[in-house]
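Working notes for the structure below.
Please treat every number below as a calculation from the coordinates, not as lab data. What you are looking at is a predicted structure, and each value in this text was computed from that prediction instead of being measured. Note: ideal-geometry Cβ built from the backbone for every residue, glycine included; neighbour counts use all protein chains shown.
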Amino acid sequence: MAAYAKYRSVVNSISRVPVPARDLGKRPPTYNSALNILVYGSDSRANLTFHQQVLLHVGRNDGEDNTDSIMIVHIAPGRRGATVLSIPRDTQVPYYACRPGRAAGQKWPGQQADPGALERINAVLAAGGPSCLWKTVEQQTGIHIDHFIGLGLSGFVNIIDDLGGVNVCVPFTVKDPVSGLKLHAGEHHIGGVQALAFWRTREGIGTGSDLERIQRDQYLLAQVLHGILRSGLLSSPSKMLAVASDAARAMTTDTGLTSSGLLQIAESLRGLSSRNVQFVTAPNAPYPLDPDEVEFQQPQADALFSAIAHDSRLPSASGGITSATTPGSAGLPDASPSRVGVQVLNGSGVLGIGAQVSAALTSRGFVIDGTGDAAAFSYTRSVIEYASSAALPAVRTLKAQLTSVTIRQDSSLTPGTIDLIVGSSFRGLVPQTPTADASGESLAKLAQYDRGITGSASCRSDAKAFAGPLSPGG
């Protein structure tokens, strides 16, 4: 009875925020039984005492609530492996419509949709709360998010301390006055306060960029994973309760992630191997109008997002995109199917053909904007009509699903519109390539992303994450 009371106390101390479906807009479909969790680290100092602000070297509370760390944790069907996708905090994204709100001691003013303007993704949380970040990530990646977990600064510190610390390596002596990190060259076993400083260190090392910081943090996460698996945490309810107790007051989740759901996630990962956890960063390129910002690099980013959404083989980060026919193959078309909207028109006169094609495309992740009849029933060959060249990546993705199809630009169409006129020669979509090998293993075991690391990486292998003009010898 006492243990249950303790458990309930811990659960009740977690802040919970409702995320109504109406706030998320038109959502990406789900393709399998994978679990996708949006995880972010907030830099809010609101719940820190003055002593904690000084101890953690984070400065005073000036109303910050930015997400300097944004990740999608993809847990594969059957819980055989996982992929952790980092989204750079400086990524430029459109303004999506987000309602104002108040929850968990926070207040969000909301924002109006403005597709023609861009903002840093790390500012979205402060503008519209967790649901706004959730919506933005889904719309930009096409990955269906199931839950979110937000973690404050002190929660990160407590988790590392409860694990007994973590190993990190630095190739030279680091004294960063901004984060407070002070380490001599070599390997160190550090506690939560120093781990937070390591996590936040950016200025004065390497290139001074957030992208390089993400690289170093992925090595740190690999070492955290080592600690979790070594400690037996996932198979010990008492240890999990202790960690949850220390992290709960700095944790925020959606109301749909119940206490039993949290336990089920932990329990389902008991047999996880570190080599079956992949850490990757969303492909990106400098934003042309501001070199301090980045934008998703296409078509590589959509290829990676689609592979994660479908739990298929991760594509090459170098952009080896081919005319592959399905999102389950190693090289992917130019756009994720979940970001391709299609209006299906019956040009053959065959009864029910529009509904048949719509259902087939929906099963492969495409978004059906509507169905109807073409201007005439005289089409033998199917035709894809589009408004402008901006739609070509999406058109190529759609074309790869079809045989005997013609592409035609029609500038009279509404910008962004793609019409598929189905002709009488249509006999079905191109057969799909299986998304798993004969043994049924998921993406975590099929391929290592060529710019990422696995959870088995040693901290001694992260020297490149410190390279640059700001480092000694750089």
Only sites in a loop by DSSP and with at most 15 other Cβ atoms within 10 Å count here; which trypsin sites (Lys or Arg not before Pro) in the stretch 230-308 make the cut?
ARG270
Sequence ranges 293-299, 87-93, ranked by mean other-Cβ count within 10 angstrom, highest first:
87-93, 293-299
Between ALA285 and ARG408, what is the label-to-label distance in nm when each label sits 7 Å out along the Cα-to-Cβ direction?
3.2
Tell me, what ³J(HN,Hα) does each residue in the stretch 406-421 have, in order and in whole Hz, if you take phi through Karplus 6.51 cos²θ - 1.76 cosθ + 1.60 with θ = phi - 60° and put x for Gly and Pro?
10, 9, 9, 7, 10, 5, 7, 6, 5, x, x, 7, 10, 9, 10, 9
If unit charges are put on Cβ atoms (+1 for Lys and Arg, -1 for Asp and Glu) and the dipole of the stretch 127-194 is taken about its Cα centre, the option from PHE148, VAL178, VAL137 lying farthest towards the positive end turns out to be VAL178
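Let's see if you can work this out: charge +1 on each Lys and Arg Cβ, -1 on each Asp and Glu Cβ, no other charges. What is the dipole magnitude of the stretch 337-422 about its Cα centre, in debye to the nearest 20? List each step's numbers first, then the result.
Working: 6 positive and 5 negative charges, 66 e Å.
In debye, rounded to 20, the stretch 337-422 gives about 320.
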Near the amide H of VAL17, under 5 Å away, which other amide H atoms are found, from residues 5 or more places off or on another chain, if H is placed in the peptide plane?
THR253, ASP254, THR255
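Please report TRP134, TRP108 as a ranked list, fewest other C-beta atoms within 10 angstrom at the top and most at the bottom.
On the way: TRP134 25, TRP108 21.
Lowest count first: TRP108, TRP134.
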Net lengthening on full extension, SER260/ARG102 (0.36 nm per residue, minus Cα-Cα):
54.3 nm
Amide H neighbours of ALA335 under 5 Å, counting only residues 5+ apart in sequence or on other chains, H built in-plane at 1.01 Å?
THR397
